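Enquirer: Provided herewith is a single structure, encoded as structure tokens, for subsequent inquiry.
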Amino acid sequence: MIRIVIAEDQRMMLGALGSLLNLEDDMQVVGQASNGEEAVTLVQEQSPDICIMDIEMPLKTGLEAAEDIKNSGIKVIILTTFARSGYFQRAIKAGVRGYLLKDSPSEELAESIRSVMAGKRIFAPELMDDVYREENPLTEREKAVLELMAEGKSTKEIASTLTIKVGTVRNYISAILEKLEVTNRIEAITESKKKGWFH
């Protein structure tokens, strides 16, 4: 029997997924969580074989929860509406075994669970096309500058937070705009969010 924990913040979807999987002869849903924190707790309590996670959940995202349980030996399958390559890359780094989209047919989910249990990795084909193309071009320092820009900090505030010179921050900002092929800070933030590089 494949023991499953599901984490999904939309209660209707959570209930429907639970009922669907419980109909399978070889599966049993042993826990349902409505946010990432609950998911991590349930996984620790229940030690399921598989944990199915949505990405955008309160308290902790599915990706953060997957990172938390990465070394537990529990196989994580992400089930989301978002075919964003930034999310997908983070999911791969967190060691997830499957990344499926919610508009896939339900029987595909049960099949994917069996495949993952058999040691395979299952990823939505839509993601495979752009995963190699969409690496985040920013350096760690540029990412830090962008995060602070997204928090609404001025050039001067960014400089004091990172203890660097204002001129250096300006250089980072122009590098960010150039790499993201945008003309201003707002566009840079929007573009990064759209690609799933940060929330």
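The values are calculated or read from the model by the stated rules, or taken from the named source; none is laboratory data. All figures in this text were calculated on a predicted structure; none of them were measured in a lab. Cβ placement follows ideal geometry from the backbone for every residue including glycine, while neighbour counts extend to all protein chains displayed. Just the protein is used for accessible areas: all its heavy atoms, side chains included, with ligands, DNA and RNA removed. Shrake-Rupley method; radii C 1.70, N 1.55, O 1.52, S 1.80 Å.
Enquirer: Checking Arg90 against (1) of a type outside the set (Asp, Glu); (2) in contact (Cβ under 8 Å) with a residue 60 or more places away in the chain; (3) in a loop (DSSP other than H, G, I, E, B): exactly one of these is not met. Which one?
Expert: Unmet condition: (3).
Enquirer: Take the residues of the stretch 130-142 that are open to solvent by less than 60 Å² (accessible area, probe 1.4 Å) and assigned to a helix (DSSP H, G or I): which is modelled with the highest pLDDT?
Expert: Here the residue is Glu142.
Enquirer: Going by the conditions given, is Ile55 in contact with a strand residue (DSSP E or B) (Cβ under 8 Å, 6 or more places away or on another chain) and in contact (Cβ under 8 Å) with a residue 40 or more places away in the chain?
Expert: no
Enquirer: Additional query: Of the residues that make up the stretch 31-51, is at least one hydrophobic (A, V, I, L, M, F, W, C) and within 17 Å of Glu108 (Cβ to Cβ)?
Expert: Yes.
Enquirer: Just wondering, is there one or more residues in the stretch 41-60 that are open to solvent by less than 50 Å² (accessible area, probe 1.4 Å), of a type in the set (D, E, K, R) and under 30 Å from Ser192 (Cβ atoms)?
Expert: Checked against the condition, which is being open to solvent by less than 50 Å² (accessible area, probe 1.4 Å), of a type in the set (D, E, K, R) and under 30 Å from Ser192 (Cβ atoms), the stretch 41-60 yields at least one hit.
Enquirer: Among the numbered conditions (1) touching a helix residue (DSSP H, G or I) at 6+ places or on another chain (Cβ under 9 Å); (2) assigned to a helix (DSSP H, G or I); (3) modelled with pLDDT under 95, tell me where Ala39 comes up short.
Expert: With (1) touching a helix residue (DSSP H, G or I) at 6+ places or on another chain (Cβ under 9 Å); (2) assigned to a helix (DSSP H, G or I); (3) modelled with pLDDT under 95 applied to Ala39, the lone miss is (3).
Enquirer: Does the stretch 53-86 hold any residues that are of a type outside the set (D, E, K, R), more than 12 Å from the chain's Cα centre (by Cα) and not in a loop (DSSP other than H, G, I, E, B), and which are they?
Expert: If the condition is that a residue be of a type outside the set (D, E, K, R), more than 12 Å from the chain's Cα centre (by Cα) and not in a loop (DSSP other than H, G, I, E, B), then Asn71, Ser72 are the ones that fit.
Enquirer: Please pick out the residue among Val96, Val145 that is open to solvent by less than 30 Å² (accessible area, probe 1.4 Å), assigned to a loop (DSSP other than H, G, I, E, B) and aliphatic (A, V, I, L, M).
Expert: None of the others qualify; the one that does is Val96.
Enquirer: Continuing with this model, one more query. For residues that are of a type outside the set (D, E, K, R) and open to solvent by 30 Å² or more (accessible area, probe 1.4 Å), tally how many sit in the stretch 16-29.
Expert: Qualifying residue count, the stretch 16-29: 6.
So that you can scan it fast, the table gives a plain yes or no per residue for (1) over 24 Å from Met27 (Cβ atoms); (2) modelled with pLDDT under 90:
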site	(1), (2)
Ile55	no, no
Glu67	yes, no
Ile78	no, no
Asp103	no, yes
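Enquirer: Need the failing condition index for Leu177 against (1) within 30 Å of Val76 (Cβ to Cβ); (2) over 21 Å from the mean Cα position of the chain (by Cα), just the number.
Expert: The one condition Leu177 does not meet is (1).
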